[in-house]
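Since every read-out is calculated from the coordinates, none of them should be taken as a lab result. What you see is a predicted model; the values in this text were computed from it and never measured. Cβ: placed from backbone, ideal geometry, glycine included. Neighbour counts: every protein chain shown.
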Amino acid sequence: MACFVTFITLYSFLIFSASLNTISGAFVEEFSEAMAIKREEKTTHLHFFFHDTISGNHPSAVRIAGPTESTFVNFGNTMMIDDALTEGPEPTSKLVGRAQGFYSMAAQDDLALLMVMNFAFVEDKYNGSSISMLGRNPVLNDVREMPIVGGSGLFRNSRGYALAHTNWMDPNTGDAIVEYDVYVSNFQVDAGLATA
Ligand SMILES: *[C@@H]1O[C@H](CO)[C@@H](O)[C@H](O)[C@H]1NC(C)=O
């Protein structure tokens, strides 16, 4: 798979458990049992393009709140989105998922968005899994970093970050194609690797 790469890191931990003291007269015997477990940290690198279309008859982003007489860049302006995520930058490129949620103009003197959305994937084994992003997006910066605060399915208990870079933008309509590099990690305890 070209756009989803997984790395596994193995950690070993010694967990001490079951400490037991026996007192017999002046002597104390202490027994403690050590158990080794292994934990896997899985990091997945996701790379895709986000297509945000405001213009035309079938926009993927619609304005749901904000001041009246608002333009796209007014403070408070809020867009609900269901944007395609594709493997390559072309709109016809293979669909790997959808970005569903909203973004709002959250700065008065700056172009910074509050991004609240889920990336729901349909690609191969990731079909049905999702990650949730919540972050600040100063859209004029070359690269914007936003936190990944959780996930579901294969991304259950995930944490990570997204790096967004605008690939193309129409300044008249606000339509944009944004390249995303996302790194998410989660831990899995592998009981099968445990040794006594
Ligand atoms: C993803 O899963 C859904 C529901 O199980 C299924 O209908 C769909 O065909 C799958 N999509 C892909 C691309 O495998």
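For the pair Leu134/Ser55, report the inter-label distance in nm, with labels modelled 7 Å from Cα in the Cβ direction.
Spacing of the two 7 Å Cα→Cβ label points: 3.5 nm.
Which of Arg136, Arg159, Arg39 moves the most in a Gaussian network model of the chain with Cα springs under 10 Å?
With Cα springs under 10 Å in the chain, the top fluctuation among Arg136, Arg159, Arg39 is at Arg39.
For the chain, set up a Gaussian network in which alpha carbons nearer than 10 Å are linked by springs, and say which option among Val182, Val28, Val73 fluctuates the most.
Checking each option, the largest mean-square fluctuation is seen for Val28.
Under 14 Å Cα-Cα from Lys42, which aspartates and glutamates qualify once same-chain neighbours fewer than 8 residues away are excluded?
Asp190
Rounding to the nearest 20 debye, state how big the charge dipole of segment 48-159 is about its Cα centre with +1 on each Lys and Arg Cβ and -1 on each Asp and Glu Cβ.
Here segment 48-159 has a charge dipole of around 400 debye.
Given springs between every Cα pair under 10 Å in a Gaussian network model of the chain, which of Ile148, Ile37, Ile81 has the largest fluctuation?
Ile37
Can you compute the modelled spin-label distance between Arg156 and Leu95, with each label point 7 Å from Cα toward Cβ, in nm?
That separation, rounded to one decimal, is 2.7 nm.
For the chain, take every pair of Cα atoms, bin their distances at 5 Å starting from 0, and report each bin as a whole percent.
1, 7, 13, 17, 15, 11, 8, 6, 5, 4, 4, 3, 2, 2, 1, 1, 0, 0
Under a crude label model (7 Å from the Cα following the beta-carbon direction), how far is Tyr11 from Phe27 in nanometres?
4.1
Can you tell which of His47, Phe119, Val178 lies farthest toward the positive end of the dipole of the chain, using +1 and -1 charges on the Cβ of basic and acidic side chains (Lys, Arg; Asp, Glu)?
Comparing the listed Cα positions along the dipole, Phe119 ranks first.
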